[in-house]
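For reference, the structure is listed below as structure tokens.
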Ligand SMILES: Nc1ncnc2c1ncn2[C@@H]1O[C@H](COP(=O)(O)OP(=O)(O)OP(=O)(O)O)[C@@H](O)[C@H]1O
Ligand SMILES: [Mg+2]
């Protein structure tokens, strides 16, 4: 039997009125990859926060290598060889990639000066193992969410001598990056490091895990084998069977809402790593959900944000027609007036005001739209908040809680709900279900499909191929900023991937 590297015995944790964990036992063996699954708010991140020194348990104990461990900070856990990749990445945006990788462990020359050259070089080598497109001298603030995830992974790998805890590390990665990450994780495990792997992508579980623990409502609901049928996992996860993951497509597609022909975006200033849309051809009709596929860096986020006027400053050329009229997409205000709404993939950066309540976050964005004078009666605000909670199943069901205290998946639901409240004509979504559990995903898909059948057009980028294929009426593939292929009907995943990578099928 292999040694147990990290364990929790009877741990409980309470935040105000929420009992996040109730008497949880958990064991991680040396060399095993242990998947931790559970619905949004089940307590996964809280458990890993206890195991990595972010919080201390109210009750129960943490053990490292069989000995009780008292962590007062993540540094204590790091010193014990336990590395963590947090769900909301803990990188410093204003520092370079290399500076982030060496933060607190800087390389110095004999006379005490920082050895920037050596750090850049070492950073380059470490990054290359996953993603060659990242320049170590670049500021983290200039990276895409997916690239930031890679940096956080590379950073954590260097401390992981005993255990590595990964909280949804692949949420913004595409297939190629996930494969490389899995290779690294496997080789780390075979060297004896224990790995806790948290993910909502159930299809990853049999690929990577040796064992699975499912949490529900702050408790361990069960421990199973990774090759258990997906239906069984889902049943354990959400406590009920889910038959249909994706809603039926509508055959009620209307006229063209957004028409782009040879549309290119020209930034005023070149921005490294920002892939401007180039000669994009694309239509979104009323009632239609159109997917954007592509590898990391293909320009999906850039296309959506430039349409919304939220990308880097610049101007569009080519044809962009919205609702039959040439669109002047110069600013966010203009885009919103034209009926666009945008859910960014960076919920903590641009999407939410974390210290404000869920209720305020929900109504803030709609106040100006549904009430010209900026006032909204208390009753209408309450109605808006109530309908959002119902439609998107935000938990806990308390609009007074600060958004920052919600679990990752529930924050994502708030971002979606708040954009939908504004009654847009065209909804631009970037990774809309990132970090959302399977049960809630099904509800979001159904909600999006219903919105479409009410006449809304939806343009959605997702790095989850099954989601694009299951949800969308059509898929447009971007490569190097250009639209290179389009698929509809029974879409074949391999064909989409081949187009995204510029390969023949
Ligand atoms: N710092 C905090 N303050 C208040 N409540 C918190 C805090 N952290 C977590 N909670 C609450 O504890 C519960 C468990 O949250 P946790 O983040 O562990 O869920 P999770 O399983 O990681 O969910 P997800 O899949 O959405 O990330 C939730 O109800 C959450 O709102
Ligand atoms: Mg979490």
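The values are calculated or read from the model by the stated rules, or taken from the named source; none is laboratory data. Source: prediction; values computed, not measured. When we count neighbours, we look across all protein chains shown, and the Cβ atoms used for this are built from the backbone with ideal geometry, even at glycine.
Among what's in the stretch 317-336 and is part of a helix (DSSP H, G or I) and either in contact (Cβ under 8 Å) with a residue 40 or more places away in the chain or in contact with a helix residue (DSSP H, G or I) (Cβ under 9 Å, 6 or more places away or on another chain) (or both), pick the residue that is surrounded by the fewest Cβ atoms within 10 Å (Cβ to Cβ).
Per the criteria, the residue is 336.
Exactly one condition in (1) within 14 Å of ligand 1 (Cβ to nearest atom); (2) crowded, with 24+ Cβ neighbours inside 10 Å; (3) closer than 22 Å to residue 82 by Cβ is not met by residue 194; state its number.
(1)
Quick check on the stretch 173-184. Is at least one of its residues modelled with pLDDT of 90 or more and within 25 Å of residue 50 (Cβ to Cβ)?
no
Could you check the stretch 46-55 and list, in sequence order, the residues that are touching a helix residue (DSSP H, G or I) at 6+ places or on another chain (Cβ under 7 Å) and either within 11 Å of ligand 2 (Cβ to nearest atom) or within 17 Å of residue 405 (Cα to Cα) (or both)?
54, 55, listed by residue number.
With respect to residue 24, is the statement that it is away from ligand 2 (no atom under 16 Å from the Cβ), in the same structural domain as residue 160 (by TED's automatic domain parsing) and touching a residue at least 60 places away in the same chain (Cβ under 8 Å) true?
no
From the set of residues in the stretch 390-403 that are away from ligand 1 (no atom under 12 Å from the Cβ) and not in a loop (DSSP other than H, G, I, E, B), which is farthest from the chain's Cα centre (by Cα)?
390
Okay, residues lined up against (1) in contact (Cβ under 8 Å) with a residue 60 or more places away in the chain; (2) on the phi > 0 side of the Ramachandran plot:
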position	(1), (2)
268	no, no
277	yes, no
287	yes, yes
291	yes, no
300	yes, no
304	yes, no
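Would you please name the residue that is surrounded by the fewest Cβ atoms within 10 Å (Cβ to Cβ), looking only at residues in the stretch 206-226 that are assigned to a helix (DSSP H, G or I) and in contact with a helix residue (DSSP H, G or I) (Cβ under 7 Å, 6 or more places away or on another chain)?
Across the stretch 206-226, the extreme among qualifying residues is 207.
Inspect all residues belonging to the stretch 384-394 and state whether any of them is over 22 Å from residue 170 (Cα atoms), within 16 Å of ligand 2 (Cβ to nearest atom) and at pLDDT 90 or above.
Yes, that holds for at least one residue.
Among the listed residues 41, 81, which satisfies the condition of being touching a helix residue (DSSP H, G or I) at 6+ places or on another chain (Cβ under 8 Å) and touching a residue at least 24 places away in the same chain (Cβ under 8 Å)?
Step by step, each of 41, 81 is checked, and only 41 is touching a helix residue (DSSP H, G or I) at 6+ places or on another chain (Cβ under 8 Å) and touching a residue at least 24 places away in the same chain (Cβ under 8 Å).
Could you tell me which of the residues 489, 404 is under 27 Å from residue 17 (Cβ atoms), without any contact (Cβ under 8 Å) to a residue 60 or more places away in the chain and surrounded by fewer than 17 Cβ atoms within 10 Å (Cβ to Cβ)?
404
Any idea how many residues of the stretch 180-201 are within 16 Å of ligand 2 (Cβ to nearest atom) and in contact with a helix residue (DSSP H, G or I) (Cβ under 8 Å, 6 or more places away or on another chain)?
So the count comes out to 5.
Give just the number: which of (1) within 16 Å of ligand 2 (Cβ to nearest atom); (2) out of contact with any strand residue (DSSP E or B) (no Cβ under 9 Å at 6 or more places or on another chain) does residue 152 not satisfy?
(2)
Return the only residue of 45, 52, 73, 12 being in the same structural domain as residue 126 (by TED's automatic domain parsing) and away from ligand 1 (no atom under 15 Å from the Cβ).
Checking each option against the conditions leaves just 73.
Every residue, every condition in (1) at positive phi; (2) modelled with pLDDT of 95 or more; (3) within 16 Å of ligand 2 (Cβ to nearest atom), yes or no:
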{"position": "7", "(1), (2), (3)": "no, yes, no"}
{"position": "12", "(1), (2), (3)": "no, yes, no"}
{"position": "28", "(1), (2), (3)": "no, yes, no"}
{"position": "32", "(1), (2), (3)": "no, yes, no"}
{"position": "76", "(1), (2), (3)": "no, no, no"}
{"position": "84", "(1), (2), (3)": "no, no, yes"}
{"position": "88", "(1), (2), (3)": "no, no, yes"}
{"position": "103", "(1), (2), (3)": "no, no, no"}
{"position": "108", "(1), (2), (3)": "no, no, no"}
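Can you name the residue in the stretch 157-179 that is within 18 Å of the chain's Cα centre (by Cα) and away from ligand 2 (no atom under 16 Å from the Cβ) and is also surrounded by the fewest Cβ atoms within 10 Å (Cβ to Cβ) among such residues?
Among those that are within 18 Å of the chain's Cα centre (by Cα) and away from ligand 2 (no atom under 16 Å from the Cβ), it is 179.
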